[in-house]
Amino acid sequence: MAMRKVLIPLILLIFAGNVLAYPVELGIDEVLLVDNSVVTFDPSASGDGIYLRVESPDGFNSSVLGFGESLFFDGVNYTVGRFDPATGKLVLHLSGNYSKLEIVKKKDFSVKVVESFDTYTRLSLRWDGYYGINDTLRVYSNGLLVKELPVSLEWGDEVTFKVKTPPSGLLVLSFGYLGNLSRNVVLEEMEKQVEITSIERDEELHVTLLNRGDAVNATVMLTAGGLTLEKKEVHLERGEQKEVTFDRNPLQGAVAVDYGAVAQESFYFQPPDISLVSYSLDGETLKIRLKNDGGYFHGKVSVMSNSVVVGSPLYLDISLREGEEKEVAFNLTEDVDYATIVISSADFTTSVPLMLEKGLDVRFVNDYARTHLGGSATYSLVVTGKGRVELGVAGLPDSVRYAFYYGQNEVRTLNVEGSVQLTLVVSLPSFPSGFRVEAPLKFNATVNGEGYSLTLEVSGAGRLPVYGDNWLAKSNFTSEVHYLGLPYHVVWRDVTPPYIFENVTGEKIAFLYGRYVRQGEDLKLHVLSPYGDILHTSSSPEGRPDFVIFNESEFMLMVEGKGFFDSVLLVARYMEKPENVTLELERKPFGEGLEVVIINATPLRGKKLTIKSSGKNLELKAYHFTLNSEREDFDPLGTGKAVFTVKGDNVSGTMAVRSDEDFVAVVVRGEGRADLSFEVGGVGVSASEVTTRWPYLAVLGLGLLLVLAVFLEKRLG
């Protein structure tokens, strides 16, 4: 009992200075960096101790220490803990005055693949050992030496080099005098250095090459049927894309590129397929429109009758790409009723017989029409003469329907004797597809293959009444184009047509609110491009007001719901935070110069917002714009329920932003230039620093655990 009373205080006294010691596990092949000091160790020759060495630019200290013994150097105490001979790991306990620790290998390196092609691989070697190296790097593949490289590197230095890419994809890197220091490199992805990116055909064959690696000389070969038709030599710089052109031009074959490795690409081109789209005879001039539904065509066109050429010139050269149409014209040297169009090239030959009908004159009464989405436009034409008429339309999107009418009957062909009047009716879908709204749509009406240019302009289908208790609503103002700042009343079923809004640059916000919120219904607000593409969609939960923030200047809006719904739609300028801005108040068709700015109020909660505006004869109003009821009361051109309303040349007002405020609406009315500025006042809630006794208890607990760990190590050692 007396011995225990002496032993316990003695142990506590020995380790009192190491209560806050930090344990570090250090390998025999590693270096411990403590600030500017370097710590290394070796087992003593006798095997019952550790030779510990600490050095710095100011000197060094070393000693053979046993378990629990310490060495003090440069303000730091190093206490020897357990040493594991099997792993070569030593536990050191550090205490004292130091700021950072780092453990690095004495000798070590890492390798990364910079780029790997089928011709070569570029590697980057980084020396990670604390002590520098002056040695020879050897690179092996399948046991064979493929490269030797003398290197002299310090800690953190890098060297980059190239080797030939091995077929196995495995490289071994090692140093001459450090046989046990090596790394395996597995090349998982090896791409072709030179790629054939495209093969195209017109009068010649065009091959495009891309070199992803170092500069290279390559041989490009064109082959067909097992024979080499042409060879070309080419030099490619890194990243260069170059086109090689061959005079020989087969429909199928292969292109091979030899650049140290071989890249090969087969090709097959569809043969030409020329068809006659339409023809017309005007006096002695025969106009022929041809279309190529196959591969590239370059050849000749001529007009013959009874095996005799009757066209002037005798032939015309023509080139047609796939899907391309072209028109050619010949003057007929003889009066013929039947002719044959001969089309020929090295790859294609065809002939098309024609019956020539003469003496038709076509005149369109109107070549322009305007209609709305879901509506129809009409064009009137008069055909005079004698002969058969074939009617058609080219250039209309697939979503647009058309029909020719003679009287009450729909016709596509007609025999004309004298003069007839026809009507072309073009019917639009209720949603833009393949065309854009508020832009002219050009297309052709064809009569016996001859095109007549027509224009169709499409307006929006939606006309909305202004929502609110102001004179605009009372006068039921509507327009095809809707304006920012005006709330509109939307009553619809399922899906509304797209509503067109004025073209305004800058960030905007579109709100949807009103009766559907009170009724707990779920609506979606879509922002569309003029072509009908959906760009943004609101995602508010069912029965919550919807809004979308967007930046497109040309846009349309569409509302989607389930069944009948009644809502309000508002689009306004948007500010993520209050910023000074200059507004140009232009008088709109509804008779007012108006700007509405919606401000994100979440960073302003609990503060005061002062709004100032300077201009001439201005009216400035501010609104809470968070609750659905507040939005329903919003009336920018009426008296409404504004927080404040001020009028004059230099006006200002202050509003308190509530703690749960989401948005604030600012209305500026007038004409001409108006400068709008903001000031944020008030003090937000701040959090005070909280201090408890827990950190101190935690430190004391860690100290006790450390004492217990050292004691157990000594008992077990």
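The values are calculated or read from the model by the stated rules, or taken from the named source; none is laboratory data. What you are looking at is a predicted structure, and each value in this text was computed from that prediction instead of being measured. With ideal geometry, Cβ positions are generated from the backbone for all residues, glycine too; neighbour counts draw on all protein chains shown. Note: accessible area is taken over every heavy atom of the protein model, side chains too, but ligands, DNA and RNA are not part of it. Shrake-Rupley method; radii C 1.70, N 1.55, O 1.52, S 1.80 Å.
Side notes on the structure shown:
- Residue among Glu592, Glu661, Glu619 that alone is out of contact with any helix residue (DSSP H, G or I) (no Cβ under 9 Å at 6 or more places or on another chain) and either open to solvent by less than 30 Å² (accessible area, probe 1.4 Å) or touching a residue at least 40 places away in the same chain (Cβ under 8 Å) (or both): Glu619
- Of all residues in the range 374-391, those satisfying the criterion of being part of a strand (DSSP E or B) and on the phi > 0 side of the Ramachandran plot are Gly385, Gly387.
- Any chance Ala215 is small (Gly, Ala, Ser), in contact with a strand residue (DSSP E or B) (Cβ under 9 Å, 6 or more places away or on another chain) and surrounded by 12 or more Cβ atoms within 10 Å (Cβ to Cβ): no
- Test: residue in the range 218-241 that is farther than 28 Å from Pro166 by Cβ, small (Gly, Ala, Ser) and part of a loop (DSSP other than H, G, I, E, B): yes
- Taken together, Val328, Val309, Val342 contain a single residue that is without any contact (Cβ under 8 Å) to a residue 40 or more places away in the chain and of a type in the set (Val, Ile, Thr), which is Val309.
- On the stretch given as the range 392-418, residues that are β-branched (Val, Ile, Thr), more than 24 Å from Gly434 (Cβ to Cβ) and assigned to a loop (DSSP other than H, G, I, E, B) total 0.
- Positions within the range 544-590 being of a type outside the set (D, E, K, R), within 26 Å of Val495 (Cα to Cα) and not in a strand (DSSP E or B), in sequence order: Pro545, Asn551, Ser553, Phe555
- Scan of the range 338-370 for residues that are under 23 Å from Arg201 (Cα atoms), assigned to a loop (DSSP other than H, G, I, E, B) and aliphatic (A, V, I, L, M), ordered by number: Ala346
- Between Ser539, Ser529, the distinction of being surrounded by 14 or more Cβ atoms within 10 Å (Cβ to Cβ), under 27 Å from the mean Cα position of the chain (by Cα), farther than 24 Å from Leu676 by Cα and at pLDDT below 95 belongs to Ser529 only.
For every residue, the table says whether it meets (1) at pLDDT 90 or above; (2) out of contact with any helix residue (DSSP H, G or I) (no Cβ under 6 Å at 6 or more places or on another chain); (3) not in a strand (DSSP E or B).
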residue	(1), (2), (3)
Val159	yes, yes, no
Val172	yes, yes, no
Gly179	no, yes, no
Val185	yes, yes, no
Glu188	no, yes, yes
Ile196	yes, yes, no
Glu200	no, yes, no
Thr208	yes, yes, no
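- Residues of the range 329-353 that are hydrophobic (A, V, I, L, M, F, W, C) and more than 15 Å from Glu284 (Cβ to Cβ): Ile341, Val342, Ile343, Ala346, Phe348, Val352.
- Out of Thr333, Thr285, Thr245, sole residue that is modelled with pLDDT of 90 or more and of a type outside the set (D, E, K, R): Thr245
- Selection from the range 606-616 of residues that are in a loop (DSSP other than H, G, I, E, B) and either exposed (fewer than 15 other Cβ atoms within 10 Å of the Cβ) or touching a helix residue (DSSP H, G or I) at 6+ places or on another chain (Cβ under 7 Å) (or both): Gly606
- Phe246 vs. criteria of a type in the set (Phe, Trp, Tyr), in contact with a Leu (Cβ under 8 Å, 6 or more places away or on another chain) and within 13 Å of Val207 (Cα to Cα): yes
- Some residue of the range 69-91 being open to solvent by less than 30 Å² (accessible area, probe 1.4 Å), among the β-branched types (Val, Ile, Thr) and farther than 11 Å from Pro23 by Cα: yes
- Residues within the range 352-367 that are open to solvent by 50 Å² or more (accessible area, probe 1.4 Å) and free of Cβ contacts under 8 Å to residues at least 40 places away in the same chain, tallied: 6
- Residues of the range 414-454 that are open to solvent by less than 20 Å² (accessible area, probe 1.4 Å) and within 12 Å of Asp367 (Cα to Cα): Leu424, Phe443, Ala445, Leu454.
- So Thr478, is it without any contact (Cβ under 8 Å) to a residue 40 or more places away in the chain, in contact with a Leu (Cβ under 9 Å, 6 or more places away or on another chain) and surrounded by fewer than 21 Cβ atoms within 10 Å (Cβ to Cβ): yes
- Residues located in the range 43-66, provided they are open to solvent by 70 Å² or more (accessible area, probe 1.4 Å) and modelled with pLDDT of 85 or more: Tyr51, Pro57, Asp58, Phe60, Val64
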